[in-house]
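Okay, structure first, notes after.
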Number of protein chains: 2
Amino acid sequence: MNGQINKLIFKNLGIHTQNEHHVYMREDCHVCISEGFEALTRIRIFNGEKSIVANLNVIRSEILQPGEISLSISAVTALEVKEGTTISVSHLHPMSSLSHVRSKIYGNTLSSKEMKEIITDIVHGDYSNVFLSAFITACAGKGMEINEIISLTEAMIATGQRIRWGSGIIVDKHCIGGLPGNRTTPIVVSIVTAFGLIMPKTSSRAITSPAGTADTMEVMTKVNLSMEEIIKVVGKEGGCIVWGEIAKLSPADDILIKVEKALDIDSEGQLIASVLSKKVAAGSNHVIIDIPVGETAKLRSTDAANELKIAMEKVGDAIGLKLKVIITDGSQPVGRGIGPALEARDILAVLRNESHAPQDLKERALLLAGEILELSDSVQTGDGINMSRDLLESGKAYRKFMAICKAQGGFSEPELARYQHEIKAERAGSVTKVDNRKLAKIAKLAGAPENKTSGIDFLTPIGTMVEKGQTLYVIHAESEGELNYTLEYYNSQKNILTIQ
Amino acid sequence: MNGQINKLIFKNLGIHTQNEHHVYMREDCHVCISEGFEALTRIRIFNGEKSIVANLNVIRSEILQPGEISLSISAVTALEVKEGTTISVSHLHPMSSLSHVRSKIYGNTLSSKEMKEIITDIVHGDYSNVFLSAFITACAGKGMEINEIISLTEAMIATGQRIRWGSGIIVDKHCIGGLPGNRTTPIVVSIVTAFGLIMPKTSSRAITSPAGTADTMEVMTKVNLSMEEIIKVVGKEGGCIVWGEIAKLSPADDILIKVEKALDIDSEGQLIASVLSKKVAAGSNHVIIDIPVGETAKLRSTDAANELKIAMEKVGDAIGLKLKVIITDGSQPVGRGIGPALEARDILAVLRNESHAPQDLKERALLLAGEILELSDSVQTGDGINMSRDLLESGKAYRKFMAICKAQGGFSEPELARYQHEIKAERAGSVTKVDNRKLAKIAKLAGAPENKTSGIDFLTPIGTMVEKGQTLYVIHAESEGELNYTLEYYNSQKNILTIQ
């Protein structure tokens, strides 16, 4: 191929297409014609030594002049290209990892080497969303064998950065989602680091839920810290609560999660690899995993939770993690707030020992913190929860939390959304059942987690006796459009709460 | 939602993104802000009564002015919108069919109703490529049960147009691809219609191969006929050879095929539904299916071919088609040309009874035409092939072919590509094996089927004794870039032909 003929001048059109790289070229461009490119061809773009792969969008207008080329914002960033720079393009050489994806689609088992090739190409940005979706779908549900999950976890670790904290116990925790609210992590980190253990917590943003720990913490402090900043915070306070993506701990997972979110699916293998690769990348070696079980939680039966527990323990063993998996009640939200700012408010109420603080959130956090303390040699089995209670009720955990926020970049109080709408009981009786998924959906439609203050305040947990007309929960939203849209969904649903 | 606030003026930016609809809105647009839209959100766009769903691309430049909105070319066409028109946008209501796709991903069996909902939404253009890819992947390989394949076939028929030719036998044929060249259809249609049967043949373009019958026929005549034109041609000549997509016979299949092509995968269920839905939609009731079997054909073993045969016969029964499935030799290409124009040249040589015409292509066409004649009451079993030979060798089939081309819009002779490159034998010996897949890949890299004249002329079938330096095949290409790229691939491969 003649390099000269494929050169074009970059012009920024400012088109944002999220993670998938797109390139824009005129239909009558000499390169399109001589190379035989057409719309949605995948082509490789070079800026000096750097190269990326992008989907071609063909331009039939004057927004580009002859000899010009443009890139989507993600591609501009990845290629580090500036207005007026000359860049070149070429055909995409066949990627052998795509044949591994096809093999997986047809039901074959992937080797460790094949999995590594797939993940390496994904991290390099070479997969279109169509291929990411196919890979995720082929691995979804029970689509992966335990050895494939181990390979995927190892490949995710190998393709990301990894923090090393020196020798000694580094603790971590993770909750296998599906339960709205339940924002125990900031409380647990505060207790455990107040005790003196090292807990460098990296959390994800929401995948299919109204909030992830990173979304909630972002209401109160900065979470997108550089690796250097994380090390500094942990060095000073013994812990942190930051966003994992920015630290590039598992870039493969961050790419896959965006497409999983679009599809609104989870897969057991991806889930295990995602969770455990981030633990190892963050440098932890002792980890508590919390699996809530309930009719409308992610795990619906104790059997399914036990299967997941066994698979996680096998992968943990293979990659050298000491894991303790505990199974908890997932029949309803934990805490009152669902959505970043509302959950942040609950966390602060617990840490500040306010009288109206949600007791279920407090007790869940104490249970988990207790289990973590017991992973250390200095706390005997059974003593953990009481030691945790002392650290929380004495205010030590709150002071530690504020110190961590300060170290991460300063503390802000959560704010309230512009619009509130109360949902009232249509009859009197006792609340007997809560549909976690529908509540989560309402919180998402109201704007969570994109709008921090959006979500739900859930006031009547299972067992509450309610009067007709009593407020069951309050929808918070930042725009009328979203509030109306949420109410439209609410009106189309039955049995969000069951009252008998 | 306030309809007024969501109105924007359409400006055409001329961005072509193939089948997936995209919408472009400024990041600071009041609608983006008030509705909480962000990049890659799926939103609904209205132009009067018409509406479509599109992926949002957020614009951070001046290519759109405040209050303006743009759409990709496919979306402009679907929405029938003109420059300066006021259009409105809204949130996408949750599509229940997406939960059926998720159910399929998790390994559940879809009901007929669920399949119908999925296909209806796909035909409406409401699926992003991410969801199309997930649906295709979940159905790939052996992912579908026979009842699901029946449902899929019925749904594809129900969502497309359907031609009715009145009572009587309407014949058709289909070859389950995987074999380069093998362009028997135009010859078969000519013979069968010269005999007097009705054969309204709609063909697809290439999915993963260097040419489909529609691509090849387009070299010689017009194939994108309207339904009215097809009916006129068949009324006059008893047959046609046209492109199925234009006739909207199975719009669902046409959308799915684009993503299957990107993924380069086939699935048994999609394959059966694709083939049989188009047969029914085209109004045929008696159909011959040809399944070539060979090490590097689509079907690699007689067992696999038999399984497919049984599944096809079950679906045929369910939808009221009389099917005869025959299994043929697929060890090497049939005919010499691989690629639209080169295949067209072979077809004409056979129809014109030229002395150098490829005999294997002629005999394969006679076999299939014979089987079709025997589906009619007037031809006894065993007589079909000889009657076909008479029709071909007498020139009646050729005159019929030219009449059909004339009726479809006129006949053109195939042309030759700008560049030829001969691939020579590196040793003397006998050709013992041909890798169909690698030959097909070379033809595709050379530009087929997008460039009509690109492809391969394959000169040395299995059994040929070759000298060192003798030409094995000739690569045809329209650009140096593609030729060089093809040779790069050729040099990286072994055993395209095996000489012993």
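In the stretch A:291-324, what residues are at positive phi and modelled with pLDDT of 95 or more?
Passing the criteria: none in range.
Restricting to the stretch A:85-113, name every residue that is away from chain B (no Cβ under 14 Å) and under 27 Å from B:ILE257 (Cβ atoms).
Within the stretch A:85-113, just A:LEU110 meets the criteria.
Yes/no per residue for (1) surrounded by fewer than 24 Cβ atoms within 10 Å (Cβ to Cβ); (2) touching a residue at least 40 places away in the same chain (Cβ under 8 Å); (3) closer than 25 Å to B:SER394 by Cα:
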position	(1), (2), (3)
B:SER190	no, yes, yes
B:MET199	no, yes, yes
B:ALA211	no, yes, no
B:ASP215	no, yes, no
B:LEU225	yes, yes, no
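Results for (1) free of Cβ contacts under 8 Å to residues at least 40 places away in the same chain; (2) more than 25 Å from A:VAL242 (Cα to Cα), shown as yes or no for each residue.
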position: A:VAL275; (1), (2): no, no
position: A:ILE288; (1), (2): no, no
position: A:GLY294; (1), (2): no, yes
position: A:ARG300; (1), (2): yes, yes
position: A:ALA304; (1), (2): yes, yes
position: A:LYS314; (1), (2): no, yes
position: A:LEU321; (1), (2): no, no
position: A:SER331; (1), (2): no, yes
position: A:ARG336; (1), (2): no, no
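Would you confirm whether any residue within the stretch B:471-491 is part of a loop (DSSP other than H, G, I, E, B) and more than 14 Å from chain A (Cβ to nearest Cβ)?
No, the conditions are met nowhere in the stretch B:471-491.
Is there a residue in the stretch B:276-295 that is over 20 Å from A:ARG102 (Cβ atoms), touching a Leu at 6+ places or on another chain (Cβ under 8 Å) and within 14 Å of chain A (Cβ to nearest Cβ)?
No.
Taking into account only those residues within the stretch B:180-212 that are at pLDDT 95 or above and among the hydroxyl-bearing types (Ser, Thr, Tyr), which is farthest from B:ALA365 (Cα to Cα)?
Among residues in the stretch B:180-212 that are at pLDDT 95 or above and among the hydroxyl-bearing types (Ser, Thr, Tyr), the one farthest from B:ALA365 (Cα to Cα) is B:THR193.
Considering only residues that are on the phi < 0 side of the Ramachandran plot, surrounded by fewer than 21 Cβ atoms within 10 Å (Cβ to Cβ) and either of a type outside the set (D, E, K, R) or not assigned by TED's automatic domain parsing to the domain that holds A:GLY239 (or both), which ones fall in the stretch A:388-397?
A:SER394
Right, A:HIS93: out of contact with any Pro (no Cβ under 8 Å at 6 or more places or on another chain), in contact (Cβ under 8 Å) with a residue 24 or more places away in the chain and either assigned by TED's automatic domain parsing to the domain that holds A:LEU299 or within 30 Å of B:GLY481 (Cβ to Cβ) (or both) or not?
Judged against the criteria, A:HIS93 is a match.
What number goes with the only condition from (1) modelled with pLDDT under 95; (2) not in a helix (DSSP H, G or I) that A:SER99 does not pass?
(2)
Answer yes or no as to whether B:LYS261 is part of a helix (DSSP H, G or I) and buried (at least 19 other Cβ atoms within 10 Å of the Cβ).
no
In the stretch B:16-48, what residues are within 10 Å of another protein chain (Cβ to nearest Cβ), in contact with a His (Cβ under 7 Å, 6 or more places away or on another chain) and touching a residue at least 40 places away in the same chain (Cβ under 8 Å)?
Once the filter is applied, which keeps residues that are within 10 Å of another protein chain (Cβ to nearest Cβ), in contact with a His (Cβ under 7 Å, 6 or more places away or on another chain) and touching a residue at least 40 places away in the same chain (Cβ under 8 Å), the stretch B:16-48 yields only B:GLU35.
Given the stretch B:283-397, what helices (runs of 4 or more DSSP H) lie entirely inside it while holding 1 or more residues that are within 24 Å of B:ILE163 (Cα to Cα)?
Passing ranges, in order: B:302-319, B:359-375.
Test A:SER167 against the stated conditions and say whether it is hydroxyl-bearing (Ser, Thr, Tyr), at pLDDT below 95 and surrounded by fewer than 21 Cβ atoms within 10 Å (Cβ to Cβ).
yes
Please verify whether B:ILE456 is assigned to a strand (DSSP E or B), of a type in the set (A, V, I, L, M) and either modelled with pLDDT of 95 or more or assigned by TED's automatic domain parsing to the domain that holds B:GLY181 (or both), treating the condition exactly as stated.
Here the answer is yes, as B:ILE456 does meet what is asked.
Considering only residues that are of a type in the set (D, E, K, R) and surrounded by fewer than 17 Cβ atoms within 10 Å (Cβ to Cβ), which ones fall in the stretch A:76-115?
Result: A:GLU80, A:LYS82, A:GLU83, A:LYS113.
In the stretch A:49-84, how many residues are within 14 Å of chain B (Cβ to nearest Cβ) and either polar (S, T, N, Q) or on the phi > 0 side of the Ramachandran plot (or both)?
Summing the residues that are within 14 Å of chain B (Cβ to nearest Cβ) and either polar (S, T, N, Q) or on the phi > 0 side of the Ramachandran plot (or both) in the stretch A:49-84 gives 8.
Quick check on my filter: what residues within the stretch A:238-258 are farther than 30 Å from B:THR41 by Cβ and part of a strand (DSSP E or B)?
A:GLY239, A:CYS240 - these are the residues of the stretch A:238-258 that are farther than 30 Å from B:THR41 by Cβ and part of a strand (DSSP E or B).
If a residue has to be away from every other protein chain (no Cβ under 14 Å) and either part of a helix (DSSP H, G or I) or of a type in the set (Asp, Glu) (or both) to count, how many in the stretch A:127-162 make the cut?
14
The values are calculated or read from the model by the stated rules, or taken from the named source; none is laboratory data. The model shown is predicted, which means the values in this text are computed figures rather than measured ones. Neighbour counts are summed over all protein chains in view; Cβ atoms, including those assigned to glycine, are modelled from backbone coordinates with ideal geometry.
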